[in-house]
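Just below is one structure, and these are the notes that go with it.
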Amino acid sequence: MKIDLDRLKDIVGEDNIRNNAADLYIYGSDASVHVATPWVVVQPKKISEVQDILRYANEELIPVIPRGAGSGMSGHTVPIDGGIILDMKRMNRILEIRPQDILCRVEAGVVDDDLNRALKPFGFFYPPAPASSRIATIGGEIANNASGIRSVKYGATRDSVLGMKVVMANGDLVNLGSNTRVEASGYQIERLIVGSEGTLAVIVEATLKIVPLPKYRCLGIASFNKLEEAGEAISDVISSGASPSMLELMDDVAITAVNKALNLGLPDVEAIVIFEADGMVKEAVDYEINRIKEICERHNGFGIKYSYDAKERARIYAGRKKLFAALSRYKEGLSCTSLADDMAVPNSRMADMAKKIHEVAKRNNVIMTAYGHCGSGVMHTKILMDPTKKEQWEDARRAVAEIYDYVREIGGTTSAEHGIAISKAPFWKKERKDSLEIMRAIKKALDPNNILNPHKLMDAPDDWVTATRLRYPVGGR
Amino acid sequence: MKVNYLKEWLNELNICIRCAYCFEGCPVYKVLGWEADTARGKTVLSYGLLTGELEPSKYIAEKIYQCTFCRDCVERCSANVSVPEILAAARADLADWGFAYDSHKHMIENVKKSGNIFGDPEARAPKREGEVLVFIGCQFLARPNQTKLYLRILEKLGLKPKVKEEICCGFPFYALGFRKDLEVHKERFLKLFPEEEIITLCPTCMAYLHEGYGKKVKHITQVLVDRVPEVDLGITATYHDPCDLSRVMHITEEPREILKRIGVEVVEMENNRKTSHCCGGGGGILSTDEKLSDRIAARRIEQAKATGADLLVTPCPTCEQVLKKASKGEIQVRNISDLIWKAIKKSQTST
C-alpha cells in the first residue's frame, strides 16, 4: 500500500513523519514477542491533526495503530496489517488540575509519573500505578485499562476515568463522560473505550479522578516457606475485610531475579507477601498493618517487618516495580518472555493458581514465576526460556494453553491488566465466546472500515506463535 | 556485511525485554522525541544489524552515534542491559563497514600522531617526580592552568604528585568504534602506565582505566575529600554529577562532602547522583552533533537555574565546557578545583 506522504506532511509537517526502514523496524515491536512492520510513523501534536490523519486513513482504508510508550506485553501496538503508527507521545500537556473538583485533564501522551509529579504539590495523586508508570502514557493506560500495585484499594484505570475526548475512525471528535463523580444512565461509552486497546477510537484527552495523598504509608514484608501459604494469606487478608493499599505476591523465582539484578537483599524463601496500608490517621494505618500481619502469621508467615520510612518503602517498591525486566537475569541463557503473563482468578483460588504455574512450568521444560497484585486478584507470570530454540516455543505454546485452560476452569479470566491484543487472544476468545459477536458488532458500528488497530482482541489470529514474526532469532535466523 | 562485534551481544539483546523503562531519563530522547533516539530504539537497531534484518545505512549510523554514553538507560534498566557496550560494538561494526564519522577518524588520527585527541603536540603532561601517580588526560592537558591548579592543590594538601609523559586513555577508540586501533593503542598505553594504582582528574579517563584496563583508580575528589580545609566560603552552589563518575564509578558523595567542608551549600537539581542528567558532551556527539549536545546541555542548565544557586560546580572538564557554553552567562559554571583552591587560600589567610 502506498502512503501519500505529501498528504501526511501537510497535516503534521515533514519533521513529524518517519518512514525509513530503521524507524519502521523500531516501531514494529513493543514489549511483546511479536513484530510486524508499519508503513509510516506519525507524531501528531494537536487533536485536529489526529482527526485529519484518521480522515485520510479512513478514506484510503489504511490501518491506524495508536501508540504510547509501546510497553504493552501482548502486542497491542504491533501493526499486524502494517499501516500508520500514531505515536501519541508529543501530545503530552497537562491541561488542568482542579483539586476542588478532584480531577485533572490531560492529553493522551502525558506520562503517568509526570502527572503524579505535577499533582504532588496539590496534595493529590493518580492511583492506578502500573509498574511501567515511569514511561507509560495515560492514553496507553486507558486503552489497556492498566492497573497496578495500588489497585487493590483504588481500583484500575476504568475506575479513575471520568471522561475523555476521542477521535473516531471517520475523524469525528467526540466528548465522552463528564466532570462529575457520578454518571448514571445511558451507554457509558467512555467506559467501553477503556480497555478497547485502540480498536474503537483514538484517545486524545482524558479527564481523570484524582485522590488526596495519604499522610501515612506503611510497607511490610512477610516471608513464607510455602508458596501456597502465601497465596492463602493474601486471599484471607482480602476476605477479612482488611483494606491494604498494596498486597503483592513474589515467588522464589521473582525474588531471586530481583536480588540478582538489583541486589535488594529480599529474603531467600519460597514466597514473600509485600503489603502496604495508607491513610490520614496513623492509628488506622497501624490497625490495618497489624491485621495483615496477624493473618500472615496465621498462615505461617514469618520474619515480618514493616516500616513507615520513605527510603525503605522506596527500595522495596522499586524492586517490585522493576521485577518484569529483572526476570531476564534469573538464569544465564534464558530470556523473560511476556507469555501467559497476566490473569485474574477468584480470590479463594490465588494459592491454587500460584501452585499451578509451577506445575505447568515443570511439565513443559520452561521456568515460570508466580507474582502479582494478588490482593486485587491479579496473578502474573512470565516464561523464562531460550527464545532462540524452536522447541522452546513449542514448550511455551503448550504451557500458555495449559495455564489459560486452568484459569477458565477455576472461573478466572485471561485479562487482568496487561491486555489481550495478540498473544492472549486465542484464550480470551474461548473465554468470551458468548460475547464475541456483540463485540464485533460494536467494532463494526464505530469503525466500519476496520482501520483502528485491526486484528487484535476478538479479531486476532487463533495461533499466537504464528500470528506475526517473532522478535527472537528462532533457530538462528 | 560481516558482523564482527555485535555477535557476542546476541544473548544480551535477547535479555532486553523492550519494556521502554530506558525512555525515562534518556537525554537524547528528551530532546529529539522519537523512539530511535532511545536506548531501546538503538538496541533494536543493533539487533536488526546483527540478525541481518536491517541493512546498515547512514541513518542507522547517525542514530547509533547519537548517544552520549551517559548510562542513564542502564541505571533505569532493571535487567541492567549493557546498552553502552552494545552500542560500542554496533559502532565498531559500523566503522568497519565504512560508516565512521570523519570527525571521529580525525580524532583517532590525532591520538596516533600526538598522543592526545586534539592533535596538539604542545599539550603535554607537566612531568614531575613524586609519589602518587596522577593521570592528567587529554581534556585537562588542553587546560594547562587547571591541571597546574590541581597539582598545586595536591602539593598544598601534603601529597607529592607524580606526572609522566602520557597518551590518551583510549576511551575514544572504544566508544567511537575503532577496535583494531584500540588494541594497538592499549598496548602502547600499558607500556607507559604499567602501574596498578592511578589517580585521575577526568571522570571519563577514570572510568576507562577501570573498565578497559582493570586498574585501581581513584578520582581526585576521593583523594582530596579528607584533606581539604574546613572553611566557610559562604557560597550556594548546585553540583553536577558527571555520568562517568556517578553512574560508572559510583562516586557521588565525595565531591559533595568536599563542598560541604569548604562551606559551599549544595542545592540539588531535580536529577542528581545516579539519575543525574547528562551534560550532553559524551559519546562523541560533541564533534558530530554539536546542536544536539547544546540542547541537552540547555536542559541541564534549566535544572541548575531552578535551584536558585549562584554556581554550578562539576569536576569534569567536558561537562564544565559544555555547560558553560549552554549557560549563556545565566549561571556561573566552575570546576570544583577553583573552589578547593579558594578554600585553601582562605584557610591560609585565616591562619
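The values are calculated or read from the model by the stated rules, or taken from the named source; none is laboratory data. Being a predicted model, the structure only gives us computed values, none of them experimental. Glycine also receives a Cβ, built like all others from the backbone with ideal geometry; neighbour counts cover every protein chain displayed. Just the protein is used for accessible areas: all its heavy atoms, side chains included, with ligands, DNA and RNA removed. Shrake-Rupley method; radii C 1.70, N 1.55, O 1.52, S 1.80 Å.
Would you tally the residues in region B:19-28 being surrounded by 24 or more Cβ atoms within 10 Å (Cβ to Cβ) and more than 7 Å from chain A (Cβ to nearest Cβ)?
So the answer is 4.
Quick check on my filter: what residues within region B:77-101 are within 14 Å of chain A (Cβ to nearest Cβ) and under 14 Å from B:Ala61 (Cβ atoms)?
B:Ala90, B:Leu94, B:Phe99
Only one residue in A:Gly319, A:Gly333 is within 14 Å of chain B (Cβ to nearest Cβ), closer than 18 Å to A:Ala370 by Cβ and not in a strand (DSSP E or B), so which one is that?
Among A:Gly319, A:Gly333, only A:Gly319 is within 14 Å of chain B (Cβ to nearest Cβ), closer than 18 Å to A:Ala370 by Cβ and not in a strand (DSSP E or B).
Given the options A:Ile403, A:Ile383, name the one that is open to solvent by less than 10 Å² (accessible area, probe 1.4 Å), away from every other protein chain (no Cβ under 14 Å) and touching a residue at least 12 places away in the same chain (Cβ under 8 Å).
On inspection, the qualifying residue turns out to be A:Ile403.
I'd like to check something: does region B:37-47 contain any residue that is in a loop (DSSP other than H, G, I, E, B) and surrounded by fewer than 23 Cβ atoms within 10 Å (Cβ to Cβ)?
no
Only one of (1) over 30 Å from A:Pro473 (Cα atoms); (2) within 13 Å of chain B (Cβ to nearest Cβ); (3) in contact (Cβ under 8 Å) with a residue 40 or more places away in the chain is not met by A:Asp15, so which one is it?
So A:Asp15 meets the others, but not (3).
For the condition in contact with a Gly (Cβ under 8 Å, 6 or more places away or on another chain), touching a residue at least 12 places away in the same chain (Cβ under 8 Å), assigned to a strand (DSSP E or B) and not hydroxyl-bearing (Ser, Thr, Tyr), what is the one hit in A:Leu247, A:Leu208?
A:Leu247
Of the numbered conditions (1) touching a residue at least 40 places away in the same chain (Cβ under 8 Å); (2) within 14 Å of chain B (Cβ to nearest Cβ), A:Lys311 satisfies every one except a single condition; which is it?
So A:Lys311 meets the others, but not (1).
Just need a number here: residues in region B:51-76 that are open to solvent by less than 20 Å² (accessible area, probe 1.4 Å), more than 8 Å from chain A (Cβ to nearest Cβ) and β-branched (Val, Ile, Thr).
Total meeting the criteria: 2.
For (1) under 30 Å from A:Gly123 (Cα atoms); (2) of a type in the set (Val, Ile, Thr), each residue gets a yes or a no:
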position: A:Ile11; (1), (2): no, yes
position: A:Trp39; (1), (2): no, no
position: A:Pro63; (1), (2): no, no
position: A:Ser74; (1), (2): no, no
position: A:Thr77; (1), (2): no, yes
position: A:Asp81; (1), (2): no, no
position: A:Leu86; (1), (2): no, no
position: A:Arg98; (1), (2): yes, no
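Would you tally the residues in region B:235-249 being free of Cβ contacts under 8 Å to residues at least 60 places away in the same chain and more than 17 Å from B:Asn335 (Cα to Cα)?
The qualifying residues number 1.
Residues that are within 27 Å of B:Phe173 (Cβ to Cβ): list the strands (runs of 3 or more DSSP E) wholly contained in region B:224-324 that include at least 1 such residues.
Answer list for region B:224-324: B:311-314.
Out of everything in region A:24-39 that is in contact (Cβ under 8 Å) with a residue 24 or more places away in the chain and among the aliphatic types (A, V, I, L, M), what residue ends up being nearest to the other protein chains (Cβ to nearest Cβ)?
A:Ala31
Only one of these is crowded, with 24+ Cβ neighbours inside 10 Å and not assigned by TED's automatic domain parsing to the domain that holds A:Gly372: A:Leu266, A:Leu262, A:Leu249. Name it.
Of A:Leu266, A:Leu262, A:Leu249, the one residue that is crowded, with 24+ Cβ neighbours inside 10 Å and not assigned by TED's automatic domain parsing to the domain that holds A:Gly372 is A:Leu249.
Mind checking which residues of region B:205-221 are in a helix (DSSP H, G or I) and surrounded by 20 or more Cβ atoms within 10 Å (Cβ to Cβ)?
B:Cys205, B:Met206, B:Ala207, B:Tyr208, B:Leu209, B:Ile220, B:Thr221
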